[in-house]
Amino acid sequence: MIGYVGMAAAAATFIAMMVIKIFVKPAYLDDISVFHHALDAFIIGVTIVVVAVPEGLPLAVTISLAFSTKKMLADQNLIRHLAACETMGNATNICSDKTGTLTENRMTVVRGVFANKREDNCTKKTTISDKALETILEGIACCSTARVVMASPPRESDDGTAVYDGRPQLIGNKTEAAMLLLAHSEWGSSDVAEMRREEARFGKEGGSRLFPFSSSRKRMTVLVNKKKYPWTLYHKGAAELVLENCSTYMDVDGSEKKMTNEKREYFKEVIQEFATDALRCVALAHRSRIESVSKNLSTITLADCEKKLEKDMCLDALFGIADPLRPDVIDAVKTCQDAGIFVRMVTGDNLETARAIAKQAGILTEGGLSMTGEEFRKMTPAQLDEVLPKLQVLARSSPEDKHILVQRLNGGLMPETEEAWLEVHPGRNFDKEKDLLLPGYKEEWEKSRGGVGEVVGVTGDGTNDGPALKAADVGMSMGLSGTDVAKKASDIIIMDDRFSSIVKAVLWGRSVFDNIRKFLQFQLTVNVVALTITFLSALVGYNPPLNAVMMLWVNLIMDTMGALALGTEPPTLELLDRRPYKRDASLISRPMWRNILIQATYQLLLLVFLLNKGPQMYNCEDGSSHHFTIIFNAFVFCQVFNEFNAREIGDVFDPFHKLGKSPMFLMVIGFTCLAQWLIVEYGGDFTQTTPLSFAEWRSTIGYGAVSIPMGFIMRLIPVSEDPESFAGLPGKDAGKKDNFWLSALVLALFPFLAAIVYQLAYEVEELKH
């Protein structure tokens, strides 16, 4: 659009200059041929197009993104795709994992029920029988893929002192590692899990079988074959799911007893209690002599194992595992919510555990909804749309649930055709079930929300999280716990796995967005003034006061220099006090238009004044290079000082705020001033400039400096942002009145009032003479 306006202004200027030459025939053009004048007019027209086309905008975007990407790395955000940086600034939803992101991923078994004996202190040696303890320790060791590497010996530091780190290193799943640490502690008589695994001969011919933990099943199974023991199944996973498949339980003496209804209710109450206390509850069970159930244990598949073997098991233990909330999470979540971002927890944990953690973190608020993945999957698209505005916790969810949630929020990777829908739902009837099965389809989704979805950021660490990370507007993988597949599917890698680092990504994203707008505000002001003054000069018969070289220098100031200066502004925490913008919100806001029009009006009035009064004030010939050099110098310094105003696009007036943190801005301003002095003083015939006296330099710089107080005055005019341009939750900026019509009236009258004041001043000056 800006380019089209520039081309129209160039064409109008060319036509006006030719009409004046051919029909008006002013005296100063008598010695210039029509062809030569047409060539001059064409050069001016091309220069206007070059100035008007915002070729600096892509440069400003790239510089701002590149600058922010480098700075974000220090804030533990590794940007894989540049565009994700800016997109994150207007995120309206963040779907976050619990473990490791909201919590510390530092698992510890703090209480449990072991062989039907409740123990609330797991730091002391257990009192259950040796037989029962042996069964539990065997299950912990074999039904696990984690490793615990014990403390390394002391090493010598640079200064010669001995350094000893007594903490064991945990490799693999942190939940399994917590159980292994329990077994290796005093509670388990310092049991060594590795020896038990070696005896089980996993992966060897005739050895034990392992079916690893699955996020969809929430369980894992091993079939242990030891020489001195018959085949035994050990089963571990989500407590309520394991309990359903147990028909007996192990008593304190190691014997198996029938699971009565009363006992089953007791275990359910324990699971509920642990979950309410924000503990992850894991159950361990076993089944002996499984060779009598299936003869082909060495080749049995997971499906057959689940169907034939994972039932009628004996419940051995319930583990209550604590994973404390990260200390910075509560403030980070509150910051996001104040910034208008809806934070949701998507976890595989028990619903009560997830609710307890979400309440501690401030995610689950009054009136918020929580549900399980099973309930989620049974919903129709229309039903899900009704609960999405309040859905804050999704528990016992699978990676596919997370993918569907993201698709429903932003429409990402939504099936667009019948064939695509059938790929997601093979064997189903598109015509009958298209409105009944999640995630829905593109046409239905667009109708339900006007084609504009949420901007969604999603965290993920597992291989199965890849589709959700791809469907999200910004996929964020975990640098410490994330798999390579998740990292490759993501846009941003959170190096320290912290939720607070996600907040920093939002802050930098908003800074990029605002820096681009600052550049546009600055550039459009220059555009309006340069194009208008050139066109008006041509229209009234003046030679354009800004020749081609001058215009190109102005273009360099507002494009390359402006992009460098304003595209590298650092973020401020105040950026998190507003709501995110909608996808289709205008890049130029109402306050920006106010700033552009008022600064442009002042500069136009100044240049018109210098065109008329400049020869008298500076004792120079009207239309001479001396005259136009004064106009050119005043115009350039208007841009220099307006660049300080452009550092703020709202109502805050603080043009010199934290200048020390913007070294690039100061360097650009210094270079611009130095280059302008060289052009004026030594440009000569090339730039058609004349050296100015000290008094002329002082006055033209003073005219430019008036842009600063003008920036204060223009911000007194009440102009608010369009409320319809915002998305997300009501933030700190909610409740501001929309006084657009009053502002529009003031803006419309301002040029006329300025013109009247100028005319009155002109009449007073005439009366004096």
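The values are calculated or read from the model by the stated rules, or taken from the named source; none is laboratory data. Here the structure is a predicted model, which is why all the values come from computation and not from measurement. Backbone-built Cβ (ideal geometry, glycine too); neighbour counts: all protein chains shown. Heavy atoms of the whole protein, side chains included, go into the accessibility calculation; ligands, DNA and RNA do not. Shrake-Rupley method; radii C 1.70, N 1.55, O 1.52, S 1.80 Å.
Any idea how many residues of the range 425-448 are under 16 Å from Arg377 (Cβ atoms) and in contact (Cβ under 8 Å) with a residue 60 or more places away in the chain?
Residues flagged as under 16 Å from Arg377 (Cβ atoms) and in contact (Cβ under 8 Å) with a residue 60 or more places away in the chain within the range 425-448 amount to 1.
Quick one: Glu86 ticks every box in (1) surrounded by fewer than 20 Cβ atoms within 10 Å (Cβ to Cβ); (2) at pLDDT 80 or above bar one, so which box is it?
Unmet for Glu86, out of (1) surrounded by fewer than 20 Cβ atoms within 10 Å (Cβ to Cβ); (2) at pLDDT 80 or above: (1).
Could you count how many residues in the range 641-689 are of a type in the set (Lys, Arg) and either farther than 30 Å from Leu587 by Cα or open to solvent by 60 Å² or more (accessible area, probe 1.4 Å) (or both)?
From the range 641-689, those of a type in the set (Lys, Arg) are 647, 658, 661; that's our starting set.
Right, trim to either farther than 30 Å from Leu587 by Cα or open to solvent by 60 Å² or more (accessible area, probe 1.4 Å) (or both) and you get 658, 661.
Result for the range 641-689: 2.
What residue, of Gly340, Gly320, is surrounded by 24 or more Cβ atoms within 10 Å (Cβ to Cβ) and touching a strand residue (DSSP E or B) at 6+ places or on another chain (Cβ under 6 Å)? Step through it out loud before you land on a result.
Details: Gly340 fails: touching a strand residue (DSSP E or B) at 6+ places or on another chain (Cβ under 6 Å).
The match here is Gly320.
Within the range 675-699, can you find the residues that are over 44 Å from the mean Cα position of the chain (by Cα), among the polar types (S, T, N, Q) and either at positive phi or not in a loop (DSSP other than H, G, I, E, B) (or both)?
Thr687, Gln688, Ser699
Would you be able to say whether some residue in the range 16-35 is under 50 Å from the mean Cα position of the chain (by Cα) and open to solvent by 80 Å² or more (accessible area, probe 1.4 Å)? So that I can check it myself, show each step before the final result.
Let us first name the residues in the range 16-35 that are under 50 Å from the mean Cα position of the chain (by Cα), namely 16.
Then drop every residue that is not open to solvent by 80 Å² or more (accessible area, probe 1.4 Å), which leaves none.
So far as the range 16-35 goes, no, none of its residues is under 50 Å from the mean Cα position of the chain (by Cα) and open to solvent by 80 Å² or more (accessible area, probe 1.4 Å).
Can you spot a residue in the range 322-336 that is in a helix (DSSP H, G or I), closer than 30 Å to Thr260 by Cα and basic (Lys, Arg)?
Restricting attention to the range 322-336, the residues satisfying the condition of being in a helix (DSSP H, G or I) are 329-336.
Narrowing further to those that are closer than 30 Å to Thr260 by Cα: none.
No, the range 322-336 has no match at all.
Being surrounded by fewer than 14 Cβ atoms within 10 Å (Cβ to Cβ), at pLDDT 80 or above and polar (S, T, N, Q) is true for just one of Thr99, Thr108, Thr62. Which residue is that?
Numbers: Thr99 fails: surrounded by fewer than 14 Cβ atoms within 10 Å (Cβ to Cβ); Thr108 fails: surrounded by fewer than 14 Cβ atoms within 10 Å (Cβ to Cβ).
After ruling out the rest, the residue left standing is Thr62.
Just checking, which of Asp312, Asp328, Asp323, Asp277 is closer than 30 Å to Gly207 by Cα and in contact (Cβ under 8 Å) with a residue 40 or more places away in the chain?
Numbers: Asp328 fails: closer than 30 Å to Gly207 by Cα; Asp323 fails: closer than 30 Å to Gly207 by Cα; Asp277 fails: closer than 30 Å to Gly207 by Cα.
Residue meeting the stated conditions: Asp312.
When only residues in the range 348-373 that are open to solvent by 10 Å² or more (accessible area, probe 1.4 Å) and of a type in the set (Ser, Thr, Tyr) count, which is nearest to Val242 (Cα to Cα)?
Per the stated criteria, the residue is Thr372.
All but one of (1) open to solvent by less than 70 Å² (accessible area, probe 1.4 Å); (2) at positive phi hold for Ala468; which doesn't?
(2)
Quick test for you: out of Cys314, Cys281, Cys246, pick the one residue that is surrounded by 14 or more Cβ atoms within 10 Å (Cβ to Cβ), touching a Phe, Trp or Tyr at 6+ places or on another chain (Cβ under 6 Å) and closer than 30 Å to Arg106 by Cα. Reasoning before the result, please.
Details: Cys314 fails: touching a Phe, Trp or Tyr at 6+ places or on another chain (Cβ under 6 Å); Cys246 fails: touching a Phe, Trp or Tyr at 6+ places or on another chain (Cβ under 6 Å).
So the residue among Cys314, Cys281, Cys246 that is surrounded by 14 or more Cβ atoms within 10 Å (Cβ to Cβ), touching a Phe, Trp or Tyr at 6+ places or on another chain (Cβ under 6 Å) and closer than 30 Å to Arg106 by Cα is Cys281.
Quickly run through the range 415-432 and pick out the residues that are open to solvent by less than 60 Å² (accessible area, probe 1.4 Å) and part of a loop (DSSP other than H, G, I, E, B).
The answer is Pro415, His425.
Are there any pairs with C-beta distances below 8 angstrom linking a residue in the range 591-609 that is of a type in the set (Lys, Arg) to a residue that is surrounded by 21 or more Cβ atoms within 10 Å (Cβ to Cβ), with the two at least 6 apart or on different chains, and if so which?
Sorted first by the residue in the range 591-609, then by its partner, the pairs are Arg594/Met714; Arg594/Val719.
Considering only the range 457-512, how many residues are part of a loop (DSSP other than H, G, I, E, B) and closer than 17 Å to Ile404 by Cβ?
Filtering the range 457-512 for residues part of a loop (DSSP other than H, G, I, E, B) gives 461-462, 472-473, 479-483, 490-491, 495-498.
Filter again for closer than 17 Å to Ile404 by Cβ, leaving 462, 472-473.
Here the count works out to 3.
Are there strands (runs of 3 or more DSSP E) fully within the range 175-245 with at least 3 residues that are free of Cβ contacts under 8 Å to residues at least 40 places away in the same chain and under 24 Å from Ala115 (Cβ atoms)? List them.
Numbers: elements: 209-214, 219-226, 229-238.
Because the criterion is at least 3 residues that are free of Cβ contacts under 8 Å to residues at least 40 places away in the same chain and under 24 Å from Ala115 (Cβ atoms), no strands (runs of 3 or more DSSP E) in the range 175-245 meet it.
If a residue has to be surrounded by 15 or more Cβ atoms within 10 Å (Cβ to Cβ) and aliphatic (A, V, I, L, M) to count, how many in the range 374-390 make the cut?
Counting residues in the range 374-390 that are surrounded by 15 or more Cβ atoms within 10 Å (Cβ to Cβ) and aliphatic (A, V, I, L, M) gives 3.
Open to solvent by 40 Å² or more (accessible area, probe 1.4 Å), within 25 Å of the chain's Cα centre (by Cα) and among the hydrophobic types (A, V, I, L, M, F, W, C), is that true of Val452?
yes
Taking the criterion of being among the hydrophobic types (A, V, I, L, M, F, W, C), closer than 25 Å to Ile330 by Cα, in contact (Cβ under 8 Å) with a residue 60 or more places away in the chain and in a helix (DSSP H, G or I), would at least one residue in the range 383-406 satisfy it?
Yes, some residue in the range 383-406 is among the hydrophobic types (A, V, I, L, M, F, W, C), closer than 25 Å to Ile330 by Cα, in contact (Cβ under 8 Å) with a residue 60 or more places away in the chain and in a helix (DSSP H, G or I).
Looking at the structure I just gave you, is Gly412 touching a strand residue (DSSP E or B) at 6+ places or on another chain (Cβ under 8 Å), assigned to a loop (DSSP other than H, G, I, E, B) and either crowded, with 17+ Cβ neighbours inside 10 Å or not β-branched (Val, Ile, Thr) (or both)?
On the way: touching a strand residue (DSSP E or B) at 6+ places or on another chain (Cβ under 8 Å): yes; assigned to a loop (DSSP other than H, G, I, E, B): yes; either crowded, with 17+ Cβ neighbours inside 10 Å or not β-branched (Val, Ile, Thr) (or both): yes.
Yes; evaluated as a whole, the condition is true for this residue.
Give the range 61-87 a look and list any residue that's within 14 Å of Ile494 (Cβ to Cβ) and out of contact with any Asp or Glu (no Cβ under 8 Å at 6 or more places or on another chain), or say none.
Initial filter on the range 61-87 (within 14 Å of Ile494 (Cβ to Cβ)): 72-80, 84-85.
Listed by number, the residues that qualify are Met72, Leu73, Ala74, Asp75, Asn77, Leu78, Cys85.
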